[in-house]
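Rule-based calculations on the coordinates, nothing more; no lab input. As the structure is a computational prediction, the values presented were derived from the model and not from experiment.
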Amino acid sequence: MSREVIAPQVADGPIRLSVRVIPRAKRDEVGGERAGRLVVRTTASPVDGRANAAVCRLIAVHLGLQARQVTVVSGHRSRDKVLRIDS
């Protein structure tokens, strides 16, 4: 059984991380992998950007960063998103 490794795209500056969001989950959690993307589960619903904000907060907490350091750069209305992580 082969296993894909989730690899953020690193360049000079911010990191880009591909995630798969599961909204309306039973609990908030970061973990797992699906099709080369990090799986993020959130209890927030995908209405008015609530799930996007929750995902940014979860990733920030998971990495020990402030919420403003994580932003969605693509996939605002999709379950598959690319996040920008500023250090």
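Observations on the model:
- Selected from R41, R16, R68 as most flexible by GNM, with the chain as the system and alpha-carbon contacts under 10 Å: R68
- Backbone phi angles across region 32-37, fed through the Karplus curve with coefficients 6.51, -1.76 and 1.60 (θ = phi - 60°), yield HN-Hα couplings of x, 9, 9, 6, x, 10 Hz in residue order; Gly and Pro are listed as x.
- Per-residue ellipticity at 222 nm from helix content only, as computed over the chain with -39500 (n - 2.57) for each DSSP H run of at least four residues, stands at -5000 deg cm²/dmol.
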